[in-house]
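Trainee: Quick one: this structure, given as structure tokens, is what I'll be asking you about.
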Amino acid sequence: MKFLLFGVALSCAAQTIVVHADRMLDGKGRMVRNATVTIEGSKIVKIGGHAKANYDLKGMTLMPGWIDTHTHPTWHFDENGRFFQGRERPEESMRYAAENAKATLLAGFTTIQSLGALVDGPLRDSIDSGEREGPRIFTSLRQINERSGDPEKLREIVRQLKKDGADVVKLFATASIRDGGKQTMTTEQIDATCGEAKAQGLRAVVHAHAADGARAAILAGCTGIEHGTMLDDATLDLMRKKGVFFDPNFLVLHNYIDNKPKYLGIGNYNDEGFAYMEKALPLVSDVLRRARAHHVMIVFGTDAVAGSHGRNFEEFIYRVKDGGDKPMDAIVSATSMAARSLRMGDKIGTIAQGFEADLVAVEGNPLEDITAVRKVAFVMKGGKVVKH
Ligand SMILES: [Zn+2]
């Protein structure tokens with residue numbers, strides 16, 4: 001009897017919502033006109049039919065909630081409008097990270113991967129519990145580089161990350177683009193980090209500009225390459241063969257250049273660093289085109305830092321206008337392909353029966369004019385409307 005009552009209560013609680021849109025992109029490359037999506041509780045239960053819509057999105061294009069596979073929600077400007085770098089109280093970091101995460105959700109991104117900071121853990125958990133509103137968060141909690149330790153120490157760090165609840169391991173196989181992007185971790189260090197991540201069942205994503213650092217990481221069992229500005233064709237081929245995801249990023253470079261006065265003079269944000277970033281932009285266009293030609297699995301990360309949060313969708317426009325991506329390909333990168341890279345391909349990133357009801361709708365048709373991604377008019381996460 002108790003179970004029966006419980007069952008009745010549950011079915012009453014699972015509210016039905018019907019969303020209708022002029023166009024729907026399912027996240028896997030398909031476009032449907034006059035689409036109707038029925039949601040019960042947090043899940044999509046039906047596509048099609050003639051149920052009366054609770055949300056009739058006229059003139060809009062409905063898509064799976066976007067996924068940004070590379071963000072830094074803790075990064076922010078200080079009260080003087082300058083980039084903040086240094087120590088701050090954890091509650092301060094949390095306040096900024098929560099604010100930035102929420103702005104990213106309202107911009108249509110229902111899932112982000114942060115690469116990564118310690119406060120991401122409690123932030124992720126408070127969003128999951130419903131205490132805060134924000135996107136689903138996957139985080140590396142910290143970052144590993146050439147100074148993190150010898151191979152033995154690195155294996156220990158990875159095991160600890162697993163215990164601490166990290167979703168992914170982030171390592172820097174090469175220098176920052178502002179320092180030229182050369183390999184920095186030794187091949188032994190890369191082997192230990194990627195190898196232990198694999199042994200622990202964790203994904204490992206690698207900051208790599210130069211091909212040698214990327215190659216070492218791919219051979220060591222990492223699952224994704226971030227940036228990849230100087231990857232050669234042989235490395236792209238190896239990535240396709242090994243099923244390694246590629247995440248090239250335009251927005252981060254444009255964001256630094258557009259916000260130059262706020263960064264200049266801090267750390268490696270000097271004139272030489274900015275010159276490297278200016279030079280890298282055509283390289284990103286070039287490597288994205290070559291990666292597409294080599295059929296590499298491409299995901300959608302922006303490397304969102306201070307100045308980018310809440311306008312992550314600008315990456316779509318750069319990828320299409322500068323990188324030669326077809327709008328549909330860029331959207332698949334940010335939906336089903338990104339979900340696959342997070343090992344969430346059967347739960348999010350696609351509009352289909354049984355998937356989480358993560359949805360974004362924009363005014364207009366991004367297949368005809370990619371700048372439509374700026375006009376986010378509707379966002380639903382897990383069946384809950386967060387923007388309309
Ligand atoms: Zn980054």
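Trainee: How much length, in nm to one decimal, is gained on full extension between ILE266 and GLU99, taken as 0.36 nm per residue of separation minus their Cα-Cα distance?
Mentor: Numbers: separation 167, 0.36 × 167 = 60.12 nm, distance 2.36 nm.
Full-extension gain reported as 57.8 nm.
Trainee: Holding the Cα-Cα limit at 23 Å, pick out from LYS326/LYS375; LYS58/LYS387; LYS52/LYS387; LYS102/LYS163 the pairs that are longer than that.
Mentor: Details: LYS326/LYS375 19 Å; LYS58/LYS387 16 Å; LYS52/LYS387 20 Å; LYS102/LYS163 27 Å.
The answer is LYS102/LYS163.
Trainee: First select every other residue whose beta carbon is under 12 angstrom from the beta carbon of PHE172; then total the charges, Lys and Arg +1, Asp and Glu -1. Spell out each step's value before the answer.
Mentor: Values: positive: ARG142, ARG147, LYS170, LYS182; negative: GLU146, ASP179, GLU226.
Result for the local shell: +1.
Trainee: Follow-up question, since we're still on this one. Which residues does a label at ARG240 reach in the stretch 280-317, if reach means a backbone N under 18 Å from a point 7 Å past the Cα toward the Cβ?
Mentor: Answer for the stretch 280-317: 286-299.
Trainee: In whole Å, what is the distance between the alpha-carbon centres of the stretch 229-303 and the stretch 183-203?
Mentor: The distance from the Cα centre of the stretch 229-303 to that of the stretch 183-203 comes to 22 Å.
Trainee: Given contacts defined as C-alpha pairs under 8 Å and at least six residues apart, what's the relative contact order of the stretch 7-137, whole-number percent? Mind showing how you got there, number by number?
Mentor: Numbers: 207 pairs, mean separation 26.2, N = 131.
Value for the stretch 7-137: 20 percent.
Trainee: What does DSSP give for the stretch 66-341 in terms of the percent of beta bridges that are antiparallel, rounded to the nearest 5?
Mentor: Working: 3 of 28 bridges.
Counting DSSP beta bridges with both partners in the stretch 66-341, the antiparallel share is about 10 percent.
Trainee: Please get the size of the charge dipole for the chain, origin at its Cα centre, with Cβ charges of +1 on Lys and Arg and -1 on Asp and Glu, quoted in debye to the nearest 20.
Mentor: Values: 51 positive and 49 negative charges, 223 e Å.
For this selection, approximately 1060 debye.
Trainee: Please state, as a whole number in µm²/s, the translational diffusion coefficient that the Stokes-Einstein equation yields for the stretch 118-198 at 10 °C and 1.306 mPa s, with Rh defined as the Kirkwood radius across alpha carbon pairs.
Mentor: Numbers: Rh = 13.8 Å.
Taking Rh from Cα pairs, D becomes 115 µm²/s.
Trainee: Next up: Note down, for the chain, the three equivalent ellipsoid semi-axes (square root of 5 times each alpha carbon gyration tensor eigenvalue), biggest first, whole angstrom. Mind dumping the intermediate values first?
Mentor: Numbers: eigenvalues 233, 112, 89 Å².
They are 34, 24, 21 Å, listed largest first.
Trainee: Compute the semi-axes of the equivalent ellipsoid of the stretch 348-388, taking the square root of 5 times each eigenvalue of the Cα gyration tensor, and list them largest first in whole Å.
Mentor: Details: eigenvalues 86, 34, 7 Å².
After diagonalising the Cα gyration tensor, the semi-axes are 21, 13, 6 Å.
Trainee: For LYS260, list the lysines whose Cα falls under 16 Å from its own Cα; do not include residues on the same chain fewer than 8 positions away.
Mentor: Partners found: LYS279.
Trainee: Please check: in the Gaussian network model of the chain (C-alpha springs, under 10 Å), which one of ASP329, ASP303, ASP258 has the largest mean-square fluctuation.
Mentor: With Cα springs under 10 Å in the chain, the top fluctuation among ASP329, ASP303, ASP258 is at ASP258.
We did not get these values from a lab; they are worked out from the coordinates using the rules stated. These numbers were taken from a predicted model, which means no experiment stands behind them. Neighbour counts are summed over all protein chains in view; Cβ atoms, including those assigned to glycine, are modelled from backbone coordinates with ideal geometry.
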